[in-house]
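A.B. asks: Supplied in structure tokens, the structure appears directly below.
The values are calculated or read from the model by the stated rules, or taken from the named source; none is laboratory data. Just so it is clear, the structure is predicted and the values come from calculations on it, not from any experiment. Here the Cβ positions follow ideal geometry from the backbone for every residue, glycine too, while neighbour counts run over all protein chains shown. Please note that ligands, DNA and RNA were not included when accessible areas were found on the heavy atoms of the full protein model with its side chains. Shrake-Rupley method; radii C 1.70, N 1.55, O 1.52, S 1.80 Å.
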Amino acid sequence: MNKEMYDKISPIINSVSSISDKSTGKVADLAECINFKKGELITSVGQKNNLEYFITDGICKSFINTPEGECVTISFFMSKSIISPSTTRNKDGKSVINIQALTDVEIVTIKATEFEKLMVEDLEIRDFGNSVLRNELMAKVQKEIALASLKGKDRLLQLRKNYPNIENLIPHADIASYLGITTISLSRLRTQS
């Protein structure tokens, strides 16, 4: 078993679904570690992408650009978390979103095709993978509901609950974009709360 990779991904996996050391070891044996500098793109729209990502340290965002060139932040991914599964961010093997490092980031990757094989062979890994997909769906639904039904102040409070201290770690323009408000509105809301 690759002990170094095991130590990096075990806490991330077990925060989603408790699986045995043996099953975690299977994932660790296929994993590689990659570092990205702040501002670097991890993947971009149209790029071939066949990886699953475990963030061991740092913060990333997923985003798209509108036809007018405006950047719209979709999600944030913090240390000790998993970036959206390959099946939710790729179409025909190519990325439909951009993922960018907002800080220096260390990421453990595994090829999505190899992870899918593990899911077929190992019930614990399958349950883990399905839990990741469920969590991703729930996060997207909750964000959609918040954007449609909450005022800006309540969306900011929800962001603070979901991503503690993020306001002190990344650009406020990214936070405003995620909340669906302007940076001026965000600044005003921050002084009020």
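A.B. asks: Considering each residue of region 156-167, count those that are open to solvent by less than 90 Å² (accessible area, probe 1.4 Å), part of a helix (DSSP H, G or I) and under 18 Å from Thr191 (Cα atoms), and give that number.
C.D. replies: Adding up the residues that qualify gives 7.
A.B. asks: Would a scan of region 144-155 turn up a residue that is modelled with pLDDT of 95 or more, surrounded by fewer than 16 Cβ atoms within 10 Å (Cβ to Cβ) and either of a type in the set (A, V, I, L, M) or within 30 Å of Ser23 (Cα to Cα) (or both)?
C.D. replies: No: zero hits.
A.B. asks: Give region 98-122 a look and list any residue that's part of a helix (DSSP H, G or I), among the acidic types (Asp, Glu) and under 19 Å from the mean Cα position of the chain (by Cα), or say none.
C.D. replies: Listed by number, the list holds a single entry, Glu116.
A.B. asks: Please identify the pairs in which a residue from region 1-26 that is free of Cβ contacts under 8 Å to residues at least 60 places away in the same chain and open to solvent by 20 Å² or more (accessible area, probe 1.4 Å) has its Cβ atom under 7 Å from the Cβ atom of a residue that is in a helix (DSSP H, G or I) and not aromatic (Phe, Trp, Tyr), counting only partners at least 6 apart or on another chain.
C.D. replies: These pairs meet every condition: Met1/Gly25; Met1/Ala28; Met1/Asp29; Asn2/Ala28; Asn2/Asp29; Tyr6/Thr24; Tyr6/Gly25; Tyr6/Ala28.
A.B. asks: Among the residues of region 173-186, write down those that are out of contact with any strand residue (DSSP E or B) (no Cβ under 6 Å at 6 or more places or on another chain) and either within 23 Å of Ser149 (Cβ to Cβ) or among the hydroxyl-bearing types (Ser, Thr, Tyr) (or both).
C.D. replies: Passing the criteria: Ile175, Ala176, Leu179, Gly180, Ile181, Thr182, Thr183, Ile184, Ser185, Leu186.
A.B. asks: Can you tell me which of Ile170, Ile125 is of a type outside the set (Lys, Arg), closer than 30 Å to Tyr6 by Cβ, out of contact with any strand residue (DSSP E or B) (no Cβ under 6 Å at 6 or more places or on another chain) and part of a loop (DSSP other than H, G, I, E, B)?
C.D. replies: On inspection, the qualifying residue turns out to be Ile170.
A.B. asks: Output the number of the condition that Ser187 fails; it satisfies all remaining conditions of (1) closer than 21 Å to Met78 by Cβ; (2) at pLDDT below 95; (3) assigned to a helix (DSSP H, G or I).
C.D. replies: Ser187 satisfies all of (1) closer than 21 Å to Met78 by Cβ; (2) at pLDDT below 95; (3) assigned to a helix (DSSP H, G or I) except (1).
A.B. asks: Within region 78-126, how many residues turn out to be basic (Lys, Arg), surrounded by fewer than 20 Cβ atoms within 10 Å (Cβ to Cβ) and touching a residue at least 24 places away in the same chain (Cβ under 8 Å)?
C.D. replies: Number satisfying all stated conditions: 3.
A.B. asks: Continuing with this model, one more query. Give the number of residues within region 173-184 that are open to solvent by 70 Å² or more (accessible area, probe 1.4 Å) and part of a loop (DSSP other than H, G, I, E, B).
C.D. replies: Looking only at that region, the number is 1.
A.B. asks: So which pairs qualify, if the first residue must be in region 36-56 and farther than 19 Å from Pro171 by Cβ, the second must be open to solvent by 80 Å² or more (accessible area, probe 1.4 Å), the Cβ gap must be under 6 Å, and the two must be at least 6 apart or on different chains?
C.D. replies: Final answer for the pair search is Gly46/Lys94; Lys48/Lys94; Asn50/Lys111.
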